Structure formats: structure tokens, C-alpha cells
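Shown next, in C-alpha cells, is the structure this report addresses.
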Amino acid sequence: MRRMNGLAVMAVVLMMGFSGGSAAAKDTIKIGAFFDLSGPAAFIGTPTKLVADMVVDKINKEGGVNGTPIELIVGDTEGDPAKAVNIAKKFIYKDKVAAIIGPTRTGTGMAVKKIIHGGRVPAFMTVGGDPVIMGGEKLGPFDWVFKSPQRSSVAVKRLYMYLKDKGLTKIALLTASDGFGKDGVRWLTTLAPEFGIEVIAQEAFGPTDTDMTAQLTNAKNAGPQALVVWTIGPAGSIVSKNKAQLGIDLPLFQCHGLPDPKYIELAGKASEGDRMPATKLMVADALPDSDPQKPVIKEFIRLYTDVYGYDKQFPINTHSGYAWDAIMIVADAMKKAGVKADDLRSAIEQTKGYVGVSGVYNLTPEDHNGLDVDSMVIVQVRDGKFVMAD
């Protein structure tokens, strides 16, 4: 009998030895991460994925989540809402992830919002638009969805504070016709009266359009004091170049999605003087030492540039910290509440005072972003670089 027990123990040991790799793999916390790794927004999605890898590596080196490492399962949405839906379903029902990070754009975020709600898995999105965390009959519940970039409404408020301070109260809008652009129009028009600003012209363009001279001409003819553009990607740089080509002598303001060295590269000298709301990441050296974000931002920059060398291919931009903040908040919530879906969702929602790269987050059941205007600054292009605006 003793001999049989010994053999049985040996058999178990051998089985564990042969399955050691898979057993170790099972002892991980799976997080799904899907971004635009190809397609028109890959310039945002690819570095976001690299940052996700970086922050998970940091967390795991520091002991993981209460001793358990995080495993990222990565998907490429290609900017296609249908592909995003399929990946979200795979994450939830096949991979059995504890949480989801991403996607990259508002349109894909809205496409998966219902899937995530039905699957009851917390998702911390890295999208710019507000609808993913807005409710109501039209937009649907947002109980399981959070987002790390500032709300469009917050970016608009920060921009309007600056415009009001500069006495620029009559503006013309040029906005993309996609989900992000429409979200911008909503807030730009709704919030204008609150700041004593009058929108005297509105022009739209396709996010992949290559010439906006007609829209700029119409906007100029309305007699505004400033132009406000709401888009991401190359379209913003095209507007800036077209404005210079037309000789329009009006200040140009872009949205919070465009503070990126790529914007300056594409627009060239035309970008000089252009201003826009941005995360403090873009002007880290100009922050006072009293700013609680400064040491966090400095450490992020050190890792991104000196340790991982990501800046060689993808220079730091305003999007760079979004995946860092999303994963850090989720991991902190896991440390407190575990990975059971309801408990994790509740813990994320109760995040208070998390000092991140993109701001100090204070989430509530009503606000699944948790950032206010104090998380943003206005930057401008000067001598081919972003600096704090005058």
C-alpha cells in the first residue's frame, strides 16, 4: 500500500513536470488588449500596444497582482468595428479575460460597447470620444466601460477657458465627419454659451480628405477670430497646411488628439503657432516640481525612451500614457478586489486619487473617466516643438 502511494505520488510529480509550462501559464491574470495595429490609426494603436507591454512588464517585475503575473492577449482591430466585435467576443468567451484594454478609436469603442456590457467584463478604453461612457437609450449603458483619455467635453472646456482668457469669442469650427469629430461638435456647440463663445460657422470634412481649402475659405468668410479644428490623424496637419497656403491670418486651434511630433512633421512650418489642449506629458520639463504628476511622467519618459527605446520609432505624444493609466488602474483594482468581474468593476469605479501620466483620476459611478480640466494644458508649436502656450 505504501509502495502504491509512493508510485502515485511519483506519477503526480511527473505529470506536474510535464505540464509545468501550462500550469505556469494558467497561473496568470489574462487581460485582453486590442488596438489599431494596422490601418489608418496604426500610428496611435501600435505605440499604445508597446506601452501596454511596457507597463505589464513593470507590474510583473514588481510582483504582479498579489504575486500573480499579468498576461496580455493582443488583438488587432485594424480600425474595423466588425473585427473589433469579433475580438471582443473572443476575449470574453474564449480567452476568459479578466479585463479588456482598448480599443483605439471611438467608432470601434462604440461597436464593442454592447458586447462588453453583455459579457460583463470591465473594459478600460483608450478612445477619445465621450459616447463610450455616456448612457441613455441611444448610447446604451456604460456600467462596464471606462476610458483613460480625457473626455472630449473636458478638452473643450480647457480650450474654451483659454480662448475666453485671450478674448477670442467668435470661432469657426472645422470638424471631421467621423464619430470623434461629431462628438467634438456636440460639445463645442453645447458648451460655447457657458464660456461666452459664439460659433459663427461650422464646416465638416472627411477624416481621410486631402484638401480642406473649400471649408477653410467658407470659415474665413464668416469673419471669426479663431479657427477650431476637431479631428485626429493627418487631416489636422492638412488643415494647417491649407490655411497657410490660403494666407489665412487667423489663430488655429486643434483638438486634444493632435499634440504629436507627427503633426509638426506633416504640417511643417505651417504648424508654427498652432495651439491645442494636451496632457502634461507633452511639456514635462515645464511642470513645477509641486505638480504630483511630474515624477510619474518623468519615470514614464525614462522607461519609454531610455529603457525600452520606443521613442526611436514612435516619439512620445499625447496618446502615449493612455494604456499605462488604464492598465495601472485595473491592476490596482485587482490588488484590492481580485478578478471576480463584479468586484473588479466596482473597485475600478471607486478609484480615487490615482496619479497617472495623463492626470489624477477620481472615478465615480457617473463619471467613468475621472479627469477634469486641471489634467490638461494648452500647448503650442514653437520652433518645431511643443511648448507651453503663452
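Every read-out reported here was derived from the displayed coordinates using simple, explicitly stated rules and does not represent laboratory data. Remember, it's a predicted structure, so these values are computed and weren't measured experimentally. Every residue, glycine among them, receives a Cβ derived from its backbone with ideal geometry; neighbour counts consider all protein chains shown.
If I stretch the segment between A337 and N218 completely, what's the gain in nm (0.36 nm per residue apart, minus their alpha carbon distance), one decimal?
Values: separation 119, 0.36 × 119 = 42.84 nm, distance 5.48 nm.
Additional length available on full extension: 37.4 nm.
If a/c stays under 1.5 just call it rounded; otherwise compare a/b with b/c (prolate if a/b is bigger, oblate if not). Do that for region 45-91, with a ≥ b ≥ c from the square roots of the Cα gyration tensor eigenvalues.
Values: a/c = 5.43, a/b = 1.95, b/c = 2.79.
Taking the square roots of the gyration eigenvalues as a ≥ b ≥ c, region 45-91 is oblate.
Which aspartates and glutamates, if any, have their Cα less than 19 Å from the Cα of K241, not counting same-chain residues under 8 positions apart?
Within reach: E203, D209, D211, D249, D260, E265, E272, D274, D383.
Largest first, please: the extent of the C-alpha atoms of the chain along each principal axis, to the nearest Å.
97, 46, 36
Provide, as a two-decimal number, the C-alpha radius of gyration of region 22-128 over 2.2 N^0.38 Å, N being how many residues it has. Walk me through the numbers on the way to the answer.
Numbers: Rg = 13.5 Å, N = 107, 2.2 N^0.38 = 13.0 Å.
Taking N as the residue count of region 22-128, the ratio is 1.04.
If contacts are Cα pairs under 8 angstrom and at least 6 residues apart, what is the relative contact order of the chain in percent?
Working: 779 pairs, mean separation 59.5, N = 390.
Result for the chain is 15 percent.
Just list whichever of K83/K340; K30/K90; K61/K336; K114/K182; K30/K138; K147/K182 have alpha carbons separated by over 23 Å in the model shown.
Details: K83/K340 27 Å; K30/K90 12 Å; K61/K336 19 Å; K114/K182 20 Å; K30/K138 32 Å; K147/K182 18 Å.
Distance filter (> 23 Å) returns K83/K340; K30/K138.
In whole Å, what are the Cα extents of region 153-255 along the three principal axes, biggest one first?
34, 29, 17
Could you give the size of the charge dipole of the chain about its Cα centre, using +1 on the Cβ of each K and R and -1 on the Cβ of each D and E, expressed in debye and rounded to the nearest 20? Numbers along the way, then the final one.
Values: 44 positive and 43 negative charges, 217 e Å.
Magnitude of the dipole: close to 1040 debye.
I need the peptides 72-85, 45-58, 293-306 ranked by packing, meaning the mean over residues of other C-beta atoms within 10 angstrom, with the highest value on top.
Order by mean packing, descending: 45-58, 72-85, 293-306.
Convert 4 °C to kelvin, take the viscosity as 1.567 mPa s, use the Kirkwood radius over C-alpha pairs of region 220-365 as Rh, and evaluate the Stokes-Einstein diffusion coefficient in µm²/s, rounded to a whole number. Intermediate results must be reported in sequence, preceding the final value.
On the way: Rh = 17.6 Å.
Reported coefficient: 74 µm²/s.
Can you bin region 163-222 into rounded, prolate or oblate? Criterion: square roots of the alpha carbon gyration tensor eigenvalues sorted a ≥ b ≥ c, rounded for a/c under 1.5, prolate for a/b above b/c, oblate for the rest. Mind dumping the intermediate values first?
Details: a/c = 2.72, a/b = 1.43, b/c = 1.90.
Oblate, since a/c reaches 1.5 and b/c is not below a/b.
Once you sort the root eigenvalues of the Cα gyration tensor of region 71-185 as a ≥ b ≥ c, which label holds: rounded (a/c under 1.5), prolate (a/b larger than b/c) or oblate (the other case)?
Values: a/c = 2.49, a/b = 2.35, b/c = 1.06.
Prolate, since a/c reaches 1.5 and a/b exceeds b/c.
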